[in-house]
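Worksheet: one structure, shown below.
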Ligand code: PRP
Ligand code: URA
(Lines give C-alpha, C1' and ligand atoms only; values in the text may rest on other atoms or scores of the structure.)
(Ligands and ions follow the chains in the order given, each with its own letter.)
Protein backbone atom coordinates (compact mmCIF):
# COMPACT_ATOMS: atom_id res chain seq x y z
CA UNK A 1 0.00 0.00 0.00
CA UNK A 2 1.23 3.47 -0.89
CA UNK A 3 2.58 5.54 2.00
CA UNK A 4 2.23 2.65 4.47
CA UNK A 5 5.17 0.81 5.99
CA UNK A 6 4.68 -2.48 7.84
CA UNK A 7 7.38 -3.01 10.46
CA UNK A 8 7.57 -6.80 10.30
CA UNK A 9 10.65 -7.48 12.42
CA UNK A 10 10.47 -10.98 13.99
CA UNK A 11 10.63 -9.55 17.52
CA UNK A 12 7.72 -7.23 16.75
CA UNK A 13 5.68 -10.14 15.36
CA UNK A 14 6.47 -12.33 18.35
CA UNK A 15 5.54 -9.69 20.93
CA UNK A 16 2.39 -8.74 19.02
CA UNK A 17 1.22 -12.36 19.07
CA UNK A 18 1.48 -12.41 22.86
CA UNK A 19 -0.39 -9.11 23.09
CA UNK A 20 -3.24 -10.41 20.93
CA UNK A 21 -3.75 -13.43 23.20
CA UNK A 22 -6.73 -12.75 25.48
CA UNK A 23 -5.00 -14.68 28.28
CA UNK A 24 -2.19 -12.11 28.46
CA UNK A 25 -2.35 -10.10 31.68
CA UNK A 26 -2.68 -6.32 31.90
CA UNK A 27 0.85 -6.05 33.28
CA UNK A 28 2.33 -8.13 30.44
CA UNK A 29 0.29 -6.26 27.81
CA UNK A 30 1.66 -2.90 29.04
CA UNK A 31 5.23 -4.17 29.20
CA UNK A 32 5.03 -5.66 25.69
CA UNK A 33 3.57 -2.46 24.24
CA UNK A 34 6.46 -0.52 25.73
CA UNK A 35 8.98 -3.01 24.32
CA UNK A 36 7.42 -2.93 20.85
CA UNK A 37 7.39 0.86 20.91
CA UNK A 38 11.20 0.83 21.07
CA UNK A 39 11.36 -1.26 17.89
CA UNK A 40 8.73 0.83 16.10
CA UNK A 41 10.44 4.06 17.14
CA UNK A 42 13.67 2.77 15.59
CA UNK A 43 11.91 2.33 12.22
CA UNK A 44 9.86 5.53 12.22
CA UNK A 45 13.01 7.58 12.89
CA UNK A 46 15.30 5.64 10.55
CA UNK A 47 15.65 8.40 7.93
CA UNK A 48 16.04 11.42 10.23
CA UNK A 49 18.50 14.00 8.93
CA UNK A 50 21.92 14.17 10.51
CA UNK A 51 24.54 16.88 10.73
CA UNK A 52 27.95 16.77 12.37
CA UNK A 53 29.47 18.36 15.41
CA UNK A 54 33.13 18.56 16.38
CA UNK A 55 33.92 16.59 19.54
CA UNK A 56 37.10 15.35 21.12
CA UNK A 57 37.39 11.67 21.96
CA UNK A 58 40.13 10.62 24.41
CA UNK A 59 42.33 10.09 21.33
CA UNK A 60 41.55 12.82 18.84
CA UNK A 61 39.13 15.38 17.45
CA UNK A 62 36.42 14.21 15.08
CA UNK A 63 33.35 15.45 13.27
CA UNK A 64 30.65 13.16 14.69
CA UNK A 65 27.02 12.73 13.56
CA UNK A 66 24.14 14.21 15.55
CA UNK A 67 20.48 14.72 14.72
CA UNK A 68 19.77 17.85 12.71
CA UNK A 69 16.99 20.35 13.33
CA UNK A 70 14.63 20.95 16.21
CA UNK A 71 13.63 18.26 18.67
CA UNK A 72 10.90 15.84 17.57
CA UNK A 73 7.34 16.00 18.86
CA UNK A 74 5.58 12.78 19.89
CA UNK A 75 1.82 13.32 19.85
CA UNK A 76 0.00 10.74 21.96
CA UNK A 77 -3.67 10.02 21.30
CA UNK A 78 -5.07 9.33 24.76
CA UNK A 79 -5.42 6.96 26.43
CA UNK A 80 -3.77 4.11 24.59
CA UNK A 81 -1.21 6.28 22.79
CA UNK A 82 0.60 6.66 26.09
CA UNK A 83 1.58 2.98 25.92
CA UNK A 84 3.65 3.73 22.83
CA UNK A 85 4.78 7.15 24.03
CA UNK A 86 6.62 5.92 27.10
CA UNK A 87 8.98 3.60 25.23
CA UNK A 88 9.57 6.17 22.52
CA UNK A 89 10.63 8.71 25.14
CA UNK A 90 13.13 6.15 26.46
CA UNK A 91 14.81 6.25 23.03
CA UNK A 92 14.37 9.98 22.34
CA UNK A 93 14.27 11.55 25.81
CA UNK A 94 14.57 15.12 24.50
CA UNK A 95 11.42 14.87 22.36
CA UNK A 96 8.59 17.31 23.05
CA UNK A 97 5.18 15.80 23.76
CA UNK A 98 1.67 16.68 22.61
CA UNK A 99 -1.42 15.09 24.15
CA UNK A 100 -4.68 14.74 22.25
CA UNK A 101 -7.60 13.43 24.29
CA UNK A 102 -10.05 11.59 22.03
CA UNK A 103 -12.54 8.83 22.65
CA UNK A 104 -14.72 6.92 20.19
CA UNK A 105 -18.43 7.38 20.70
CA UNK A 106 -19.56 3.75 20.92
CA UNK A 107 -22.75 4.40 18.90
CA UNK A 108 -21.51 6.63 16.08
CA UNK A 109 -17.77 5.67 16.21
CA UNK A 110 -17.03 9.40 15.78
CA UNK A 111 -13.98 10.74 17.64
CA UNK A 112 -14.86 13.14 20.48
CA UNK A 113 -12.13 15.52 21.64
CA UNK A 114 -11.78 16.23 25.37
CA UNK A 115 -8.20 17.54 25.67
CA UNK A 116 -5.49 19.13 23.54
CA UNK A 117 -2.08 20.41 24.55
CA UNK A 118 0.84 20.75 22.14
CA UNK A 119 4.07 22.73 21.81
CA UNK A 120 3.40 26.13 20.21
CA UNK A 121 6.25 25.87 17.67
CA UNK A 122 5.00 22.53 16.34
CA UNK A 123 5.22 23.84 12.77
CA UNK A 124 9.05 23.76 12.94
CA UNK A 125 9.24 20.12 14.08
CA UNK A 126 8.63 16.59 12.85
CA UNK A 127 5.52 15.33 14.63
CA UNK A 128 5.07 11.59 15.16
CA UNK A 129 1.48 10.78 16.15
CA UNK A 130 1.20 7.59 18.21
CA UNK A 131 -1.88 5.43 18.84
CA UNK A 132 -1.82 1.61 18.92
CA UNK A 133 -5.05 1.21 16.90
CA UNK A 134 -6.10 2.51 13.46
CA UNK A 135 -9.62 1.11 13.08
CA UNK A 136 -12.16 3.37 11.30
CA UNK A 137 -9.40 6.04 11.38
CA UNK A 138 -11.84 8.60 12.83
CA UNK A 139 -9.50 9.19 15.78
CA UNK A 140 -6.32 9.35 13.69
CA UNK A 141 -7.88 11.72 11.15
CA UNK A 142 -9.21 13.97 13.94
CA UNK A 143 -5.82 13.97 15.72
CA UNK A 144 -3.93 14.94 12.57
CA UNK A 145 -6.59 17.55 11.63
CA UNK A 146 -6.12 19.11 15.08
CA UNK A 147 -2.33 19.11 14.86
CA UNK A 148 -2.44 20.65 11.39
CA UNK A 149 -4.77 23.39 12.69
CA UNK A 150 -2.11 24.08 15.33
CA UNK A 151 0.46 24.47 12.51
CA UNK A 152 2.06 21.03 12.07
CA UNK A 153 3.15 20.39 8.49
CA UNK A 154 5.55 17.46 8.82
CA UNK A 155 3.81 14.45 10.35
CA UNK A 156 3.99 10.65 10.57
CA UNK A 157 1.43 8.29 12.10
CA UNK A 158 2.63 5.28 14.09
CA UNK A 159 0.36 2.47 15.25
CA UNK A 160 0.52 -1.19 16.21
CA UNK A 161 -2.49 -2.58 14.35
CA UNK A 162 -4.35 -1.18 11.38
CA UNK A 163 -7.50 -2.24 9.54
CA UNK A 164 -7.44 -1.97 5.73
CA UNK A 165 -10.54 0.27 5.94
CA UNK A 166 -8.75 2.63 8.33
CA UNK A 167 -5.64 2.84 6.21
CA UNK A 168 -7.69 3.67 3.14
CA UNK A 169 -9.64 6.42 4.90
CA UNK A 170 -6.59 7.87 6.65
CA UNK A 171 -4.37 8.00 3.55
CA UNK A 172 -7.23 9.58 1.57
CA UNK A 173 -7.74 12.26 4.25
CA UNK A 174 -4.03 12.88 4.88
CA UNK A 175 -2.02 11.69 1.85
CA UNK A 176 1.00 13.67 3.12
CA UNK A 177 1.25 11.62 6.35
CA UNK A 178 3.07 8.28 6.10
CA UNK A 179 1.71 5.42 8.22
CA UNK A 180 3.93 2.97 10.11
CA UNK A 181 2.28 -0.13 11.58
CA UNK A 182 3.34 -3.52 12.95
CA UNK A 183 0.49 -5.33 11.16
CA UNK A 184 -2.48 -4.85 8.87
CA UNK A 185 -5.34 -7.10 9.98
CA UNK A 186 -8.27 -8.59 8.06
CA UNK A 187 -11.22 -6.20 8.56
CA UNK A 188 -13.42 -4.26 10.99
CA UNK A 189 -16.40 -5.94 12.62
CA UNK A 190 -19.87 -4.33 12.85
CA UNK A 191 -18.83 -2.54 16.05
CA UNK A 192 -15.72 -1.04 14.47
CA UNK A 193 -13.25 -3.40 16.15
CA UNK A 194 -10.22 -4.69 14.29
CA UNK A 195 -10.41 -8.44 13.50
CA UNK A 196 -8.55 -10.52 14.58
CA UNK A 197 -7.09 -7.55 16.49
CA UNK A 198 -6.36 -7.50 20.19
CA UNK A 199 -9.56 -6.03 21.61
CA UNK A 200 -9.79 -2.57 23.16
CA UNK A 201 -6.22 -1.37 23.55
CA UNK A 202 -7.00 1.14 26.33
CA UNK A 203 -8.95 -1.40 28.36
CA UNK A 204 -6.27 -4.04 27.94
CA UNK A 205 -3.52 -1.59 28.97
CA UNK A 206 -5.28 -0.27 32.03
CA UNK A 207 -7.51 -3.22 33.03
CA UNK A 208 -10.70 -1.18 32.73
CA UNK A 209 -12.89 -3.99 31.45
C1 LIG B 1 -9.08 3.50 20.63
C2 LIG B 1 -7.70 3.59 20.06
C3 LIG B 1 -7.84 4.69 19.02
C4 LIG B 1 -9.24 4.47 18.53
C5 LIG B 1 -9.18 3.80 17.20
O6 LIG B 1 -9.31 4.51 21.55
O7 LIG B 1 -6.69 3.85 21.00
O8 LIG B 1 -7.67 5.99 19.54
O9 LIG B 1 -9.91 3.64 19.47
O10 LIG B 1 -10.43 3.67 16.63
P11 LIG B 1 -10.89 4.48 15.34
O12 LIG B 1 -9.79 4.32 14.33
O13 LIG B 1 -12.15 3.80 14.92
O14 LIG B 1 -11.12 5.91 15.71
P15 LIG B 1 -10.68 4.69 22.35
O16 LIG B 1 -11.57 5.62 21.61
O17 LIG B 1 -11.24 3.34 22.70
O18 LIG B 1 -10.23 5.48 23.63
P19 LIG B 1 -9.27 5.04 24.84
O20 LIG B 1 -7.85 4.97 24.31
O21 LIG B 1 -9.44 6.16 25.81
O22 LIG B 1 -9.75 3.71 25.36
N1 URA C 1 -10.02 0.66 19.26
C2 URA C 1 -9.44 -0.38 19.90
O3 URA C 1 -8.88 -0.21 20.99
N4 URA C 1 -9.52 -1.61 19.34
C5 URA C 1 -10.11 -1.82 18.16
O6 URA C 1 -10.12 -2.97 17.69
C7 URA C 1 -10.72 -0.73 17.51
C8 URA C 1 -10.65 0.49 18.08
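Note on region 66-98: among residues that are under 14 Å from residue 143 (Cβ atoms) and more than 16 Å from ligand 1 (Cβ to nearest atom), the one that is surrounded by the most Cβ atoms within 10 Å (Cβ to Cβ) is 73.
The rows are residues; the columns are (1) at pLDDT 95 or above; (2) within 26 Å of residue 49 (Cα to Cα).
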{"residue": "84", "(1), (2)": "yes, yes"}
{"residue": "103", "(1), (2)": "no, no"}
{"residue": "110", "(1), (2)": "yes, no"}
{"residue": "113", "(1), (2)": "yes, no"}
{"residue": "144", "(1), (2)": "yes, yes"}
{"residue": "147", "(1), (2)": "yes, yes"}
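Might you check whether a residue that is under 17 Å from the mean Cα position of the chain (by Cα), away from ligand 1 (no atom under 13 Å from the Cβ), modelled with pLDDT of 95 or more and not in a loop (DSSP other than H, G, I, E, B) occurs anywhere in region 182-200? Yes, region 182-200 contains a residue that is under 17 Å from the mean Cα position of the chain (by Cα), away from ligand 1 (no atom under 13 Å from the Cβ), modelled with pLDDT of 95 or more and not in a loop (DSSP other than H, G, I, E, B). Filter region 101-121 down to residues that are touching a residue at least 24 places away in the same chain (Cβ under 8 Å), in contact with a strand residue (DSSP E or B) (Cβ under 6 Å, 6 or more places away or on another chain) and within 21 Å of residue 70 (Cα to Cα) and give me whichever is nearest to ligand 2 (Cβ to nearest atom). Among residues in region 101-121 that are touching a residue at least 24 places away in the same chain (Cβ under 8 Å), in contact with a strand residue (DSSP E or B) (Cβ under 6 Å, 6 or more places away or on another chain) and within 21 Å of residue 70 (Cα to Cα), the one nearest to ligand 2 (Cβ to nearest atom) is 118.
Among all residues of region 162-173, there is at least one that is touching a residue at least 60 places away in the same chain (Cβ under 8 Å) and under 16 Å from residue 200 (Cα atoms).
Screening residue 63 with (1) away from ligand 1 (no atom under 16 Å from the Cβ); (2) closer than 17 Å to residue 177 by Cβ gives one miss only, at (2).
The values are calculated or read from the model by the stated rules, or taken from the named source; none is laboratory data. Predicted, not measured: the structure shown is a model, and the values here were computed from it. A quick note on method: Cβ atoms are made from the backbone with ideal geometry, for glycine too, and the neighbour counts reach across all protein chains shown.
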